[in-house]
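What follows is one structure encoded as structure tokens, with my remarks underneath.
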Amino acid sequence: MTVYRFDGSFEGFLCAVDYCLDIGDTQPEFIRDGDVQAVGLFAGEVREVATLRECALTLRKRFVEAASQEAFATARYAFHSHKTGIELLLWRYLTLGLQVGRRLCLMLAEEPVHSVNRIARQVSHEAHKYKGFVRFREVEAGFLYAQIEPEADILPFIAPHFVGRVGDRPWMIHDLRRNQAALYDLTSWRLIRDVELSAEPALSATEHDYAALWQRYFQRHAIAERHNPKLQQQHVPLRYRKHLTEFIIP
């Protein structure tokens with residue numbers, strides 16, 4: 001058994017899949033670069049797979065033409081779940097799509113289609129939630145900064161949304177769980193890794209004032225007679241509130 005190690009990106013994974021297809025390996029294993037624990041699980045040869053954008057685009061085009069753009073988007077969402085074993089599940093999904101073509105999207109009750117679709121929906125749902133739960137705060141350095149701790153790796157899905165919504169200011173959305181951030185410089189956004197805080201960013205004086213106003217507004221406009229914590233938690237689960245300005249006690 002051969003193990004294929006890629007850089008951890010979706011493009012890198014597509015390159016690994018394309019390499020396996022080229023050499024005819026039907027039982028590959030995949031590990032992400034830096035996943036030391038996973039390496040110990042495999043006794044076979046470990047091959048490094050370089051990430052080449054042209055290679056990834058070629059496989060993408062081939063799969064979309066065979067199956068559909070929707071099926072490819074589903075695979076991409078599922079990959080960013082970072083669930084254990086997702087690479088092998090997606091290998092089966094992608095190779096099945098290349099075999100059965102357009103019928104792939106109709107095989108909803110069969111594996112691996114069922115599992116990939118379920119995981120993709122979970123990631124898509126979380127990304128949609130965070131489009132409303134990201135709270136930017138102005139820091140003394142002069143840009144907007146937001147912290148999130150999502151279950152899935154959703155930065156690639158929400159960053160383009162905020163380029164359109166907050167395109168007049170430079171900003172950073174920091175995924176604390178993965179030590180990575182989406183950084184926008186008024187021209188384009190990019191993903192940067194290994195971003196760790198040595199200290200909490202210092203907020204500007206204006207930010208302190210606006211945060212206090214927003215918290216006061218949120219508290220005073222609540223109707224005591226309609227207080228329903230259970231319903232509130234359904235719409236805004238507790239795990240999101242740590243970084244929501246309106247729930248931070250001043």
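The values are calculated or read from the model by the stated rules, or taken from the named source; none is laboratory data. This is a predicted model, so every value here is computed, not measured. When we count neighbours, we look across all protein chains shown, and the Cβ atoms used for this are built from the backbone with ideal geometry, even at glycine.
When PHE79, PHE63 are screened for being buried (at least 16 other Cβ atoms within 10 Å of the Cβ) and closer than 30 Å to LYS242 by Cβ, only PHE79 passes. Figure legend. Inter-residue proximity from segment 141-153: first residues at positive phi, second residues surrounded by fewer than 19 Cβ atoms within 10 Å (Cβ to Cβ) and at pLDDT 95 or above, beta-carbon distance below 8 Å, spacing 6+ or different chains. Indicated pairs: GLY142/PRO170.
Taking the criterion of being within 18 Å of GLN27 (Cα to Cα) and not assigned by TED's automatic domain parsing to the domain that holds ARG239, would at least one residue in segment 106-113 satisfy it? Yes, segment 106-113 contains a residue that is within 18 Å of GLN27 (Cα to Cα) and not assigned by TED's automatic domain parsing to the domain that holds ARG239. Taking helices (runs of 4 or more DSSP H) as the structural unit, those lying wholly within segment 13-119 and holding at least 1 residues that are touching a residue at least 40 places away in the same chain (Cβ under 8 Å) and not hydrophobic (A, V, I, L, M, F, W, C) correspond to 53-66, 69-79, 86-100.
Of all residues in segment 23-34, those satisfying the criterion of being surrounded by fewer than 17 Cβ atoms within 10 Å (Cβ to Cβ) and over 15 Å from GLN99 (Cα atoms) are ILE23, ASP25, GLN27, ARG32, ASP33, GLY34. For the residues ARG190, ARG220, ARG216, ARG241, the requirement of being touching a strand residue (DSSP E or B) at 6+ places or on another chain (Cβ under 8 Å) and basic (Lys, Arg) singles out ARG190.
Could you go through segment 224-237 and let me know if any residue there is in contact with a Leu (Cβ under 8 Å, 6 or more places away or on another chain), of a type outside the set (S, T, N, Q), modelled with pLDDT under 80 and more than 17 Å from GLU149 (Cα to Cα). Within segment 224-237, none of the residues are in contact with a Leu (Cβ under 8 Å, 6 or more places away or on another chain), of a type outside the set (S, T, N, Q), modelled with pLDDT under 80 and more than 17 Å from GLU149 (Cα to Cα).
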